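Here's the structure we're looking at; comments come further down.
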């Protein structure tokens, strides 16, 4: 096994197949960020979402996707320009990957990084015991997306990926990340199952007493047509909408969505409408 990969895995102390999968996905995410940084991607775009929270702000749950927003409107922008740098950075760690552009059905520019899960586990001595239970064609997929028509009004800061993959990454500041999370809680389409990860993150922000930026949330809501009034969005407007959404959630199902991404499943056992409605009363804004 690559000594660099070995070093990066050691901080996770994985014990189960799910632990190894979560850790390896995060290593691939970090290497992808490094590849993007080396190609100048963060001169044009910024990192946000659950994975940004996990890697740079200490969110105690794993995350699957890489989400980015352009810093300004940039006609002609394409992710394809960065595929070579990403692939070279990942391959330098001994990771065999495919990068596959997603056919567009919206303005979002997106792609998948794919690697064979079984082969990856076989490369890691401690993970070989789990490889026999993995189908030979099973892929580990990491989706990354860039919003080319972002709502503006956010602020960023530079965060550093530390050795062995030193790189500078431009990330949205926490109040703007929190606004994005509240927007996801309110408006994400659930399909077959509510995304409990959004509610886990909501409690994390509230527990840290992080303020959310009202202006940025209003910009996002106006862009999507969810806020059309002439007046400014207020904290009371946000609380009212959050309470209405919370009352629709099956929190048993929401908890089941998040347990594979956290160390202690008991964290979600107390989830209920009453708990979340009480928690959001501490919402701070700026």
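The values are calculated or read from the model by the stated rules, or taken from the named source; none is laboratory data. What you see is a predicted model; the values in this text were computed from it and never measured. FYI the Cβ positions are ideal-geometry reconstructions off the backbone, even for glycines, and counts take in every protein chain you see.
Key figures for this structure:
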quantity	calculated
Enumerated helices (runs of 4 or more DSSP H) restricted to the stretch 199-286, each holding at least 3 residues that are touching a strand residue (DSSP E or B) at 6+ places or on another chain (Cβ under 6 Å) and modelled with pLDDT under 95	none
Residues of the stretch 55-64 classified as in contact with a strand residue (DSSP E or B) (Cβ under 8 Å, 6 or more places away or on another chain) and more than 19 Å from residue 167 (Cβ to Cβ), total	1
Which listed residue, of 24, 33, is out of contact with any strand residue (DSSP E or B) (no Cβ under 6 Å at 6 or more places or on another chain) and either buried (at least 17 other Cβ atoms within 10 Å of the Cβ) or within 25 Å of residue 127 (Cα to Cα) (or both)	24
Count - residues of the stretch 220-258 that are touching a helix residue (DSSP H, G or I) at 6+ places or on another chain (Cβ under 9 Å) and in contact (Cβ under 8 Å) with a residue 24 or more places away in the chain	21
Residue check, residue 108 modelled with pLDDT under 85 and touching a strand residue (DSSP E or B) at 6+ places or on another chain (Cβ under 7 Å)	yes
Flag for residue 70 being more than 26 Å from residue 255 (Cα to Cα) and touching a helix residue (DSSP H, G or I) at 6+ places or on another chain (Cβ under 8 Å)	no
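Listed here are the residues, each with its yes/no results for (1) touching a helix residue (DSSP H, G or I) at 6+ places or on another chain (Cβ under 8 Å); (2) surrounded by fewer than 22 Cβ atoms within 10 Å (Cβ to Cβ).
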site	(1), (2)
47	yes, no
57	yes, yes
77	no, yes
89	yes, no
93	yes, yes
103	no, yes
109	yes, yes
119	no, yes
